[in-house]
Amino acid sequence: MTNIAVLASYNGSGFDTLHQACKDGVLDIDIKLVISNNTNAVVLEKAKAYDINSYLINSNTDTDVDEKIYTLLKENNCEYVFLSGYMKKISSKLTNNFKVINSHPSLLPKYGGQGMYGRFVHEAVVKNNEKISGVTVHEVNEKYDDGKIILQKQLTLAEGETPQTLEEKIKDLEKTAIVESFIKCLK
């Protein structure tokens with residue numbers, strides 16, 4: 001069994017996906033801990049409900065956030081870190097010592113980089129009259145949305161697609177992409 005940690009800033013929908021896949025026996029993983037930088041993150045409540053250790057770590061709680069996260073990951077023998085809407089840049093200390101994986105709501109390299117997340121991506125895709133969009137699951141390095149691509153899944157935009165309808169479709173596609181990516185990585 002592979003130990004992983006999840007970092008999330010808000011709801012952590014990718015965490016839900018991994019937890020369910022683990023429960024269903026699809027993934028042989030143990031989610032050892034959930035870390036958020038946001039006091040009001042729903043993901044922290046979810047982790048407690050699932051009896052998974054959760055931590056609030058930010059500049060108000062710790063003088064060296066990266067060191068604190070690194071220490072927790074090492075103490076819990078985590079091999080992988082999954083970013084589930086984590087809105088902070090990851091340090092090279094983490095990317096050099098753990099396999100850090102992120103899910104991005106576009107077909108990278110399009111619509112990636114700083115400030116390109118969630119609805120901002122979908123608004124840009126629709127505004128630019130793109131015909132396809134999708135999800136990219138990738139390894140994280142020191143640059144935003146630049147790491148090695150593990151898997152991409154795409155969909156065709158419908159006539160009259162809105163950022164809201166596209167976001168819902170991408171969220172559904174993302175669930176499959178996250179699970180398939182971990183299956184691929186854990187082989």
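Could you check, for region 55-70, whether at least one of its residues is under 27 Å from K169 (Cβ atoms) and outside any helix (DSSP H, G or I)? Within region 55-70, none of the residues are under 27 Å from K169 (Cβ atoms) and outside any helix (DSSP H, G or I). Looking only at residues of region 80-91 that are of a type outside the set (S, T, Y) and out of contact with any helix residue (DSSP H, G or I) (no Cβ under 9 Å at 6 or more places or on another chain), we find that the one that is farthest from N40 (Cα to Cα) is K89. Flag not set for I57, criterion: touching a residue at least 60 places away in the same chain (Cβ under 8 Å) and surrounded by 14 or more Cβ atoms within 10 Å (Cβ to Cβ). Restricting region 130-187 to residues that are of a type in the set (G, A, S) and at pLDDT 95 or above, the residue that is farthest from I4 (Cα to Cα) is G160. Filtering L157, L83, L151, L73 for residues that are under 21 Å from N11 (Cβ atoms) and in contact (Cβ under 8 Å) with a residue 24 or more places away in the chain leaves a single hit, L83. Give me the residue from region 23-54 that is of a type in the set (D, E) and in a loop (DSSP other than H, G, I, E, B) and, out of that set, surrounded by the fewest Cβ atoms within 10 Å (Cβ to Cβ). Result: D51.
The values are calculated or read from the model by the stated rules, or taken from the named source; none is laboratory data. The model shown is predicted, which means the values in this text are computed figures rather than measured ones. No Cβ is skipped: glycine too gets one built from the backbone with ideal geometry, and neighbour counts run over all protein chains shown.
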